[in-house]
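This report concerns only the one structure given below.
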Amino acid sequence: MQHAKVTLDPAFTIAPVRRRTFGSFVEHLGRCVYTGIYEPGHPTADPDGFRQDVLALTRELGVSMVRYPGGNFVSGYRWEDGVGPHRIKRPDLAWHTIETNRFGTDEFLRWCGRAGVEPMMAVNLGTRGVAEAVDLLEYTNHPGGTHFSDLRAANGRAKPYDVRLWCLGNELDGPWQVGFKTAREYGRLAAQTARAMRMLDPDLSFVAVGSSGSAMPEFGTWEAEVLAATYEEVDMISAHAYYEEVDGDLGSFLASNLDMEHVIRSVTATADHIGARLKSRKQINISFDEWNVWYLSRFQNQPPITTWETAPRQLEDIYSVADAVVVGSLLISLLRHSDRVEAACQAQLANVIGPIFTEPGGRAWRQTIFHPFAQASRLARGTVLRTAVSSPAYETPKFGDAPLVDAVATHDPETGAVALFVVNRSIDAPVRLTIDARAFGRELRVGDATVLADDDVYAVNTADAPDRVAPRPHPGVSALDVVLPPVSWSVIPLA
Ligand code: AHR
């Protein structure tokens, strides 16, 4: 059996675990909102139409923050259509659907309160600009006595919502975006918008739009040009990445976090370069506000939607064991870079490439990818440790050599709890993992470890078998040794 080793030392830390790492994303797309989180008339719906079954799963998932309302959708969105008693129906150009606007800003922010999550709102910098962004901020944050703050009160909410985290648009480097821009056009608009919004409310955090992906032709130059224009106005730059298995190449797919590592390193280096050029002491961090497994090629190979429907089934990927292991490895990378990844959102929350799946009028259940997120969110506490992993490698067509085992650990100095998150990417062989935790100076042993694996790496959860794939007690544990099954995600608390 191949052998890997992890060495942990409480003195070697990266950064505190940030709760905003465990963000999610709700876009007006497909059934994420309608029949996802919101379905008036559903047997579990509360008087606001929020599905209680989905709220319960959102809390169990451990989501800390939710980005809204898009995504591509936001680049054509008029937020005023979705507030007050008269809602306006419009065609949504991004996804070729009809938006009823029955769910809007007030519903979202009320839903956040129920779910116990922080809102991250995106403003439309595709078809709109500074004025409409400031209007929305006036609606959400201004105490009262002005047109939009009084409108909020008239709509039932006197107290400001106090939204702190704002995205200055979405993926505006992409030609698919309504109102896409050059970096120069966007950078100027983003800087002006942030400046104006801060004039109304000085205590805001802003995310500038980064490249839509590392394969974009302008990846790197876009970030440099945008940050050159916005550096002193913003706090973070966004990164987006989606992964899928292509042409049966499971080995490369399982190593997807090597690309995420490359994105984080490249964007960090670019931001620091601009900071140096501007002689600024400020550090710009990353908001990885869209990441996940997404079978994008299946979506792109479908004929374009020509009918205009309301909340049709779109991007409803059903996830497998392998997908869950990849999601686990992406969480490992996000945690490992907690010094520079300040926020992150798994895209999306329900039905649309989401960990929660629902049937209209029916039940809600956990997709396979629900589990690594929920476990990491619950158990990653305190500080991220600089986790030394020594692992045999395997050859991948896409990335060359990739380590079979990847891992990250967290340590909570207050409770003494240590949690180790590990993937084994071998397609066919177990790997024995030894944990060297001598530096803790006290005897640590593996506690109630769990593993997510299956003889069928393509096994999925369905309405009829919603728990077919779930973490189970780890069978291969002894003292500080764990046998990791092939294609597996393990969570190993040390007690
Ligand atoms: O999450 C799905 C889509 O992916 C989002 O709308 C967009 O921002 C990205 O391209």
Relative to the longest principal Cα axis of the chain, at what angle does helix 370-379 sit, 0 to 90 degrees, rounded to 10? 80
Simple spin-label estimate for Arg298 and Thr44 in nanometres, 7 Å along Cα-Cβ: 2.3
When the chain is fully extended, how far beyond the present Cα-Cα distance does Asp249 get from Asp455, taking 0.36 nm per residue of separation? 72.3 nm
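Using the Kirkwood radius built from alpha carbon pairs, what does the Stokes-Einstein equation give as D for segment 213-332 at 37 °C and 0.692 mPa s, in µm² per second? Don't skip to the end; give the middle numbers.
Numbers: Rh = 16.5 Å.
Result for D is 199 µm²/s.
Where both partners of a DSSP beta bridge lie in segment 212-346, what percent of those bridges are antiparallel, to the nearest 5?
Values: 0 of 11 bridges.
Here the antiparallel bridges make up roughly 0 percent for segment 212-346.
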Treating cross-link reach as a plain straight distance, find the lysines whose alpha-carbon is under 29 Å from the alpha-carbon of Lys89, omitting any fewer than eight places away in the same chain. Lys159, Lys181
Distribution of pairwise C-alpha distances over segment 299-362, 10 Å bins, in %: 16, 37, 30, 14, 2
Sequence neighbours fewer than 8 away in the same chain don't count; with that in mind, list the lysines whose C-alpha is under 29 Å from Lys398. Lys5
Accessible-area value, Ile435, 1.4 Å probe, nucleic acids and ligands omitted, Å²: 10
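Between Asp81 and Asp412, what length comes free when the chain is fully extended (0.36 nm per residue of separation minus the Cα-Cα distance, one decimal in nm)? Spell out each step's value before the answer.
Working: separation 331, 0.36 × 331 = 119.16 nm, distance 4.57 nm.
Between Asp81 and Asp412, full extension yields 114.6 nm more.
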Helix 221-230 sits at what angle to the longest principal axis of the chain, using alpha carbons and giving 0 to 90 degrees rounded to 10? 50
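Using a cut-off of 10 Å between beta-carbons, work out the net charge of the residues near Lys282 (Lys and Arg +1, Asp and Glu -1, Lys282 not included).
Surrounding charge for Lys282 is -1.
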Leaving out ligands, DNA and RNA but keeping every protein chain, what accessible area does His262 have, in Å² rounded to the nearest 10, with a 1.4 Å probe? 80
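Sorting Val66, Val134 by accessible area (1.4 Å probe), largest first, what list results?
Working: Val66 0, Val134 35 Å².
The residues order as Val134, Val66, largest area first.
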Backbone N under 19 Å from the Asp162 label point (7 Å along Cα→Cβ), restricted to segment 188-209: 198, 200-206
Can you give the helix-only mean residue ellipticity at 222 nm for the chain, where every DSSP H stretch with n ≥ 4 adds -39500 (n - 2.57) and the sum goes over all residues, rounded to the nearest 500 deg cm²/dmol? -8000 deg cm²/dmol
Hey, if we sort Thr140, Thr182 by accessible area with the 1.4 Å probe, largest down, what's the order? Thr182, Thr140
By how many nm would the segment from Asp481 to Glu309 lengthen if fully extended, with 0.36 nm per residue of separation less the alpha-carbon distance? 56.5 nm
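Over 28 Å, how big is the tail of the calculated P(r) for the chain, in percent of all Cα pairs?
Numbers: 64057 of 122265 pairs.
More than 28 Å apart: 52 percent of the Cα pairs in the chain.
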Could you tell me the distance between the Cα centroids of segment 257-301 and segment 447-463, to the nearest Å? 30
Can you give me the angle between helix 257-277 and the longest principal axis of the chain, using Cα atoms only, in degrees from 0 to 90, rounded to the nearest 10? 60
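Using DSSP, restrict attention to beta bridges with both residues in the chain and report what percent are antiparallel, rounded to the nearest 5.
Antiparallel bridges: around 55 percent, rounded to the nearest 5.
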Tell me, what is the 1.4 Å probe accessible area of Ser280, in Å² to the nearest 10? 30
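The values are calculated or read from the model by the stated rules, or taken from the named source; none is laboratory data. Values in this document were obtained by computation on a predicted structure and should not be read as measured data. Note: ideal-geometry Cβ built from the backbone for every residue, glycine included; neighbour counts use all protein chains shown. These area figures cover heavy atoms from the full protein model, side chains too; ligands, DNA and RNA do not enter into them. Shrake-Rupley method; radii C 1.70, N 1.55, O 1.52, S 1.80 Å.
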